[in-house]
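*Asks:* Right, I'll just put the structure down here and ask away after.
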Amino acid sequence: MPIWEGRISPVLDVAGRFLVIHFEKGQEVSRREFLVGQTQSASLVDGIKEMGAEVLVCGAVSRPVAYGLARSGVRVVPHICGEIETVVQAFLLNTLDQPEFRMPGCCRSRAGNAADICQIAPRTDDGRPDRSPCRGGSVEFEPTRSS
C-alpha cells in the first residue's frame, strides 16, 4: 500500500513510499517499507510487482497503472483512505467497504444515486462489468488488449 504521513497515500501514481505486509493465515509475518522515486507508469507497476505485492490497497489510481497491475496479476483495492493500521485491520476483517474508508469524492461515497457508476466497474459473477452503483470492495480491472 502506498503510504504518506501514517495514512494511505491519496494518489498511487505519485507515491514515494510503500508498505508491504506479508500475511499467512490471517497473521502478519513481516512488514517492509520501500522508497521509490518518480517513475513512469510501467516502471511503477514493475516496482510494485517486484515488491512482492499480490493485493494493493490504495487511494486514487490512474487507468494505465490500474490496468498494468491487473495484467501483472496484482489485485487492486482502490479508493481507500485512512490510517495505515486501521486500514490493515479492516483489510483483514474484510470491512474496507465501510464508509469511513472511502475516499472523499469517490462514487462509492455518494448517497447511492443510481447514476453514480464507477468508471472502472467491479465484475459480475459471469465476468461482465457490474454497472450497478459502487459498493466498495476490490476491483478487477479489464486491461485493454493490444494486437
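The values are calculated or read from the model by the stated rules, or taken from the named source; none is laboratory data. Owing to the predicted nature of the structure, the values given are computational and were not obtained by experimental measurement. Positions of Cβ are backbone-derived with ideal geometry, glycine not excepted, and every protein chain shown enters the neighbour counts.
*Asks:* Quick check: anything in the range 127-141 modelled with pLDDT of 90 or more and closer than 25 Å to K25 by Cβ?
*Replies:* No, because not a single residue in the range 127-141 is modelled with pLDDT of 90 or more and closer than 25 Å to K25 by Cβ.
*Asks:* Is the range 68-75 home to any residue that is over 22 Å from F101 (Cα atoms), at pLDDT 90 or above and either among the hydroxyl-bearing types (S, T, Y) or touching a Ser or Thr at 6+ places or on another chain (Cβ under 9 Å) (or both)?
*Replies:* Yes, the range 68-75 has at least one match.
*Asks:* How many of the residues in the range 6-61 are under 18 Å from G82 (Cα atoms) and in contact with a Lys or Arg (Cβ under 8 Å, 6 or more places away or on another chain)?
*Replies:* 7
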